[in-house]
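Colleague: Sharing a structure here in structure tokens format.
The values are calculated or read from the model by the stated rules, or taken from the named source; none is laboratory data. The shown structure was predicted, so the numbers you read here are calculated from the model rather than taken from an experiment. All Cβ positions, even for glycine, are placed from backbone atoms using ideal geometry, and neighbour counts span all protein chains on display. Side chains included, ligands, DNA and RNA excluded: accessible areas come from the protein's heavy atoms. Shrake-Rupley method; radii C 1.70, N 1.55, O 1.52, S 1.80 Å.
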Amino acid sequence: MSKIVIVGGGWGGVSAALCASNFDVEIVLLEKTDRLLGTGLVGGIMRNNGRYTAAEELIALGGGRLVELCDKNATHKDVSFPGHSHATLYNVIKVAQQIDGILREKNISIMYKSRAVKVNMEGSRLKGLVLDSGECIEGDVFVDATGTGGPMVNCRKYGHGCVMCVLRCPTFGGRSSITAKVGVKERPARNRDNSIGAMSGACELVPETIHPDLLDTLKKKGFVKIPLPKQLGLINLNRKVCQQYSRKEYSNNLILLDTGYVKMMASYLPLNILNSLPGLERAEYKDPYSGGVGNSIRFVERCPMDASLKVKGTENLYVAGEKAGLLVGHTEAMVTGALAGYNCVRHVNDLKPLTLPPSLALGDIILHAIQLQDSDIMNGTRLTFSGSMYFEKMKDKGLYTTDVDVIKSRVESTGLENIFTYLP
Ligand SMILES: Cc1cc2nc3c(=O)[nH]c(=O)nc-3n(C[C@H](O)[C@H](O)[C@H](O)COP(=O)(O)OP(=O)(O)OC[C@H]3O[C@@H](n4cnc5c(N)ncnc54)[C@H](O)[C@@H]3O)c2cc1C
């Protein structure tokens, strides 16, 4: 049986594994930590703005299992908060508890505490990966879903040092890019001021440390907005990963969301300032643990790829998740994961890889990323369905809609309905 090896158990890698598991292949998922979902463990927002359209397209293409899992574990649906409409907030804790079981049911072999650190090549063909332990994992085709967070050296160089985020590099070792290991040069993602890297844009607070009245309002409404003292404003907004949060409402207010934890929509806030705000007098950080000082650094490199998500210059390596074109978000990682996983299956069956057409938002965003990948216009830009440059493009092209029937018939008209569940 052909073997697919996926490196990285964030939303990108999980989605690749799940999509490939629709077929008769052996799947190994390597994750360096002891938990799945990566930065998804501190997420919680789905279906906001154009992500609604993207989620429904993915479902219509047959790759929507993870979207449906988040929907099923929603704390709130149809929530609007500054810059975002019709968001679903999912319970991060509940989703994280189920994900391992869902993959195991599909016979996916999950190897925790397994960090791939070296590659064995035969020309441009990747033959196998060597783990920290020295064990060698061979495969026919591979997916690099290692994300862009960290490693610590980047958090020190471009941020405020290791802030003890969910990726826990000091314990499990830092991110190690398979694309870089096979010798493909990854491009840095530069900000508008030409600096490199961006600081993640949200923290989690421990719910029990929030004043019960504030927590009660949060549980009822899904979000609360706490005005910040005038002289304060939030720090470093322009360096935030998600540009849709670089707006006035976010510098004048602290926005909190109910995701099982309390999600604070700011890169960081000194603890004494956080504790000076009403209802947050005893608030403590859950993630990053040093959220009073900074946040993780992401987007230092991005992976050169083609429209099928094959890594340029390689024979049998695909890319999924955030490092693909710098497509940011859970939905985006689920999309690239599904396509990469599916194309691995086509690869081992000697079929031409699938590319998604620009008449779908999912195809259009990938093509958009490819057009920008060698260009300086990419500077400071991360692509997401939920805001910034790409959401504007989506609206201009008439791709954004929340009408599920329209989305379904759009997918039907491409002839790709449920494509992720069968081979041609
Ligand atoms: C604080 C924060 C909040 C966010 N909130 C949201 C949100 O609410 N909604 C949303 O849509 N998006 C959100 N995002 C963005 C979103 O989480 C990411 O864009 C997306 O989940 C990235 O998934 P990924 O699989 O590409 O990478 P990651 O989540 O980074 O996963 C990569 C995985 O690979 C593992 N790994 C790395 N190197 C190796 C190796 N060599 N061997 C084995 N394993 C390795 C890592 O341990 C990690 O588990 C948030 C991001 C952050 C940081």
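Colleague: Provide the solvent-accessible area of E26, counting protein heavy atoms only and rolling a 1.4 Å probe, rounded to the nearest 10 Å².
Modeller: Rounded to the nearest 10, that gives 80 Å².
Colleague: Here is a follow-up. Quick one: putting +1 on the C-beta of Lys and Arg, -1 on the C-beta of Asp and Glu, what dipole do you get for the chain around its Cα centre, in Debye to the nearest 20?
Modeller: So the dipole magnitude of the chain works out to roughly 1000 debye.
Colleague: Counting only Cα, what are the radius of gyration and maximum Cα-Cα distance Dmax of the chain, in Å?
Modeller: 20.3, 63
Colleague: Carbon and sulfur atoms: what percent of the 1.4 Å accessible area of the chain do they account for? Working shown, then result.
Modeller: Working: 7730 of 15960 Å².
After summing per-atom areas, the C and S share lands at 48 percent.
Colleague: Can I ask one more? Could you point to the residue in G159, P353, L254 farthest towards the positive end of the chain's charge dipole, with +1 and -1 charges on the Cβ of Lys/Arg and Asp/Glu respectively?
Modeller: Result: G159.
Colleague: Follow-up question, since we're still on this one. Go through Y289, Y52, Y400 and list them by solvent-accessible area, largest first, probe radius 1.4 Å.
Modeller: Largest accessible area first, the list is Y289, Y400, Y52.
Colleague: Compare K230, K118, K395 in a GNM of the chain, Cα atoms joined below 10 Å, and give the one with the largest fluctuation.
Modeller: With Cα springs under 10 Å in the chain, the top fluctuation among K230, K118, K395 is at K230.
Colleague: Cα to Cα, under 22 Å, and not fewer than 8 places away if on the same chain: which lysines meet these conditions relative to K220?
Modeller: Reachable lysines: K72, K77, K94, K263, K286.
Colleague: Another one. Under a 10 Å cutoff between Cα atoms, tell me which one of G325, G161, G201 has the largest fluctuation in the Gaussian network model of the chain.
Modeller: Maximum fluctuation in the GNM of the chain, among the listed residues, is at G161.
Colleague: Could you order the peptides 129-138, 2-11 from most to least packed, using the average number of other C-beta atoms within 10 Å per residue?
Modeller: Values: 129-138: 14.4, 2-11: 26.8.
Result, highest mean first: 2-11, 129-138.
Colleague: Which residue, G173, G222, G398, has the most motion in a Gaussian network model of the chain that connects Cα atoms within less than 10 Å?
Modeller: Evaluated over the chain, the most mobile residue of the options is G398.
Colleague: Considering only protein heavy atoms, what is the solvent-accessible area of H347 at a probe of 1.4 Å, reported in Å² to the nearest 10?
Modeller: It works out to around 60 Å².
Colleague: Taking the Cα centre of the chain as the origin and placing charges on Cβ (Lys, Arg +1; Asp, Glu -1), which of G10, G150, M334 is farthest toward the positive end of the dipole?
Modeller: It is G150, whose Cα lies furthest towards the positive end.
Colleague: Further question on the same structure: Can you work out the accessible area per residue across the chain, with the rest of the protein chains kept in place, probe 1.4 Å, in square angstrom?
Modeller: Result: 38 Å² per residue.
Colleague: For T401, list long-range residues whose amide hydrogen, built 1.01 Å from N in the peptide plane, is under 5 Å from its own amide hydrogen.
Modeller: HN-HN under 5 Å from T401: T53.
Colleague: Next up: Based on Cβ point charges of +1 for Lys and Arg and -1 for Asp and Glu, what charge dipole magnitude is obtained for the range 96-186 about its Cα centre, in debye rounded to the nearest 20? Write down the numbers at each step before the final one.
Modeller: On the way: 13 positive and 9 negative charges, 75 e Å.
Result for the range 96-186 is approximately 360 debye, rounded to the nearest 20.
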